[in-house]
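Have a look at the structure below, then the notes.
The values are calculated or read from the model by the stated rules, or taken from the named source; none is laboratory data. Here the structure is a predicted model, which is why all the values come from computation and not from measurement. For neighbour counting, all protein chains shown are included, and Cβ atoms are generated from backbone atoms with ideal geometry for every residue, glycine included. Protein only, heavy atoms only, side chains kept; ligands, DNA and RNA dropped before computing areas. Shrake-Rupley method; radii C 1.70, N 1.55, O 1.52, S 1.80 Å.
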Amino acid sequence: MTAFQRHILPHVTSRYDVQEVRTSADEGGLLEVDYEWDRVRVPRSLREFEARWANRRNPLDYSGVWRFRELLPFAPDSQIVTIGEGQTVLQRSDECGKYVGMNAGGLYLQYEGMNPSGSFKDNGMTAASTHARMVGAKIAACASTGNTSASLAIYGSTSGLFRVVVFVGSGKIAFGKLSQALDYGALTVQIEGDFDDALARVREVCPEVGIYLCNSVNPFRLEGQKTIMYRVLEGLDWQPPDWIVVPGGNLGNSSAFGKAFAELKQLGLIDRIPRLAVINADGANTLYQLYDRQGLRWNGGKPDIAAIDRFYHVMDAEKRKADTLASAIQINRPVSLLKCLRALETCDGVVREVSDQAILDAKAKVGACGFGCEPASGASVAGAKLLREQGIIAPSDRVVCILTGHQLKDPDATVGYHSAKPGSIDPKLAAHGVMKVQFGNRPVPVANNVDQIIDLLRKFAG
Ligand SMILES: *Cc1c(COP(=O)(O)O)cnc(C)c1O
């Protein structure tokens, strides 16, 4: 094989075979998958991938992840586990663009909610499942705010290759997501605590009982998530946009995007790298605090680790817990922090925080434009709007916002927002600082009476 696992810090030379099951290096720290590119057959132009569009009967060519398999060549074709993930498209949305402040043709939405389990996580889970199969794993596990568990559970149930255990924080998971893990038959363990607690425990127990871990400390997941960027390029006739805007939770996605672009540039397949904007919720803003407020940088592979330790020390001393309605990004200890710092360096990136109010307003706007997404995804559009207002994004730029999860994942947030009346906001929203709904669409009660219904419709028709 031409693929191997290596330590993310360039001065640590540890290197492991792809067949090894690891979630960290011997000396600690994150691993990533790397390739000996000069020994891999890579297309000379991204356009060469287009030949696969006509080949719907080959599951590997049909998959929106594996049709780019030469760019994540860690598995033999015979081992690949696919359920047709990645059939997602880039949608131009001028209406949403107007809200953000863009010129016509300036805003695009990459709707990853259209994946089999309803979130972008499937892009990564197909790759982790493939690796699990390569190493003969019988049980796979993850901690999750919801979507990772839904995704792992669907890959376990459809492939039948391994059984699935998911760890969720108690009371912290949106019902759409919980219902998926249950329906797909995963052993669902509710830990007393939040996501950060659940991840810490699952990392401790998996090696003890020989369970394959599928959180994004698993470097193979990020390989699959690179393909979201390949599809964005595909949607733009292989021309890089000016900006990619993505919500930041555990920071696996932003890290994968940076790796995708660094590799494409290295391989001569693109000549320009888009800028990256990672958007935190202001109630879960570790990256924003460290990168934007404290100026922490990747620094060519020598980040100030002591500054990160100090930050977490204070966070623990003050007992600060992540708190946002955007449950998918309610994370205070982002596991891929260092990888994300590197992505921000690769992509000349920026980090912003947005309020839950801004997130839910942007989410409603996305819905009204015809797509719909879960709250965390709304952060990307809210973040683009903020960067536009700050003059960092220009109206003439081409901006791609990633809609990470499907609208139906978290119906409570949506119905709560739309049902609000002036002076009576859902207490759960109000507790998160959501004080008014800009784009509410309340259900209208009417008597079971033809005349009254006709009256109502006449008013609607104007
Ligand atoms: C997981 C998730 C995120 C956060 O992505 P990270 O890679 O953890 O930063 C954002 N939105 C949705 C819908 C998610 O499921």
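Take the residues in the stretch 323-352 that are charged (D, E, K, R) and surrounded by fewer than 22 Cβ atoms within 10 Å (Cβ to Cβ), then tell me which one is nearest to the chain's Cα centre (by Cα).
Filtering first and then ranking leaves ARG333.
Can you pull out every residue in the stretch 399-435 that is in a helix (DSSP H, G or I) and either among the charged types (D, E, K, R) or within 16 Å of the ligand (Cβ to nearest atom) (or both)? Let's see the steps before the verdict.
Taking the stretch 399-435 and keeping what is in a helix (DSSP H, G or I), we get 407-409, 411-419, 427-430.
The answer is GLN407, LEU408, LYS409, PRO411, ASP412, ALA413, THR414, LYS428.
Restricting attention to the stretch 399-410, does a residue exist that is of a type in the set (Asp, Glu) and either within 30 Å of TRP298 (Cβ to Cβ) or in contact with a Phe, Trp or Tyr (Cβ under 7 Å, 6 or more places away or on another chain) (or both)?
Scanning the stretch 399-410, I find no residue that is of a type in the set (Asp, Glu) and either within 30 Å of TRP298 (Cβ to Cβ) or in contact with a Phe, Trp or Tyr (Cβ under 7 Å, 6 or more places away or on another chain) (or both), so the answer is no.
If you scan the stretch 310-334, which residues turn out to be closer than 24 Å to ASN218 by Cβ and assigned to a helix (DSSP H, G or I)?
TYR312, SER327, ALA328, ILE329
Can we say ALA384 is within 16 Å of the ligand (Cβ to nearest atom), within 25 Å of LEU276 (Cα to Cα) and at pLDDT 95 or above?
It is true that ALA384 is within 16 Å of the ligand (Cβ to nearest atom), within 25 Å of LEU276 (Cα to Cα) and at pLDDT 95 or above.
Look at the stretch 45-104 and say how many of its residues are free of Cβ contacts under 8 Å to residues at least 24 places away in the same chain, part of a loop (DSSP other than H, G, I, E, B) and surrounded by 13 or more Cβ atoms within 10 Å (Cβ to Cβ).
0
Could you list, in sequence order, all residues of the stretch 138-147 that are modelled with pLDDT of 95 or more, of a type outside the set (A, V, I, L, M, F, W, C) and open to solvent by less than 10 Å² (accessible area, probe 1.4 Å)?
ASN147, the sole residue that qualifies.
Among the numbered criteria (1) open to solvent by 70 Å² or more (accessible area, probe 1.4 Å); (2) closer than 15 Å to LEU325 by Cα; (3) in contact (Cβ under 8 Å) with a residue 12 or more places away in the chain, which one does PRO427 miss?
Looking at each condition in turn, PRO427 falls short on (3).
Looking at the stretch 148-173 only, could you name the residues that are crowded, with 20+ Cβ neighbours inside 10 Å, of a type in the set (Gly, Ala, Ser) and away from the ligand (no atom under 15 Å from the Cβ)?
Within the stretch 148-173, just GLY156 meets the criteria.
Which is more than 19 Å from SER336 (Cβ to Cβ), open to solvent by 10 Å² or more (accessible area, probe 1.4 Å) and not β-branched (Val, Ile, Thr), of ARG6, ARG22, ARG39?
The match here is ARG39.
For the structure I just gave you, tell me whether ASP34 is open to solvent by 20 Å² or more (accessible area, probe 1.4 Å) and more than 21 Å from HIS406 (Cβ to Cβ).
Taking the combined requirement at face value, the residue satisfies it.
Out of LEU276, LEU267, I need the residue that is among the aliphatic types (A, V, I, L, M), within 13 Å of the ligand (Cβ to nearest atom) and touching a residue at least 24 places away in the same chain (Cβ under 8 Å). Which one? It would help to see each step written out before you state the result.
Numbers: LEU267 fails: within 13 Å of the ligand (Cβ to nearest atom).
Matching residue, one of LEU276, LEU267: LEU276.
Tally time: how many residues in the stretch 211-221 are open to solvent by less than 10 Å² (accessible area, probe 1.4 Å) and either at positive phi or among the aliphatic types (A, V, I, L, M) (or both)?
Looking only at that region, the number is 1.
Do we have GLU234 as of a type outside the set (Ser, Thr, Tyr), touching a Leu at 6+ places or on another chain (Cβ under 7 Å) and either within 22 Å of ARG69 (Cα to Cα) or within 12 Å of the ligand (Cβ to nearest atom) (or both) here?
no
As an exercise: evaluate VAL366 against (1) away from the ligand (no atom under 13 Å from the Cβ); (2) of a type in the set (A, V, I, L, M, F, W, C); (3) more than 15 Å from the chain's Cα centre (by Cα) and give the number of the one condition it does not meet.
Only one criterion is unmet by VAL366, namely (1).
Among the residues of the stretch 198-217, is there at least one that is modelled with pLDDT of 95 or more and in a helix (DSSP H, G or I)?
no
Using the structure shown, decide if THR286 is more than 13 Å from the ligand (Cβ to nearest atom), at negative phi, open to solvent by less than 10 Å² (accessible area, probe 1.4 Å) and touching a residue at least 24 places away in the same chain (Cβ under 8 Å).
no
Kindly indicate the residue of the stretch 105-125 that is more than 15 Å from the ligand (Cβ to nearest atom) and under 20 Å from the mean Cα position of the chain (by Cα) and also surrounded by the most Cβ atoms within 10 Å (Cβ to Cβ) among those meeting that condition.
Ranking the candidates gives LEU107 first.
Please verify whether the stretch 299-308 includes one or more residues that are open to solvent by less than 50 Å² (accessible area, probe 1.4 Å) and within 16 Å of the ligand (Cβ to nearest atom).
no
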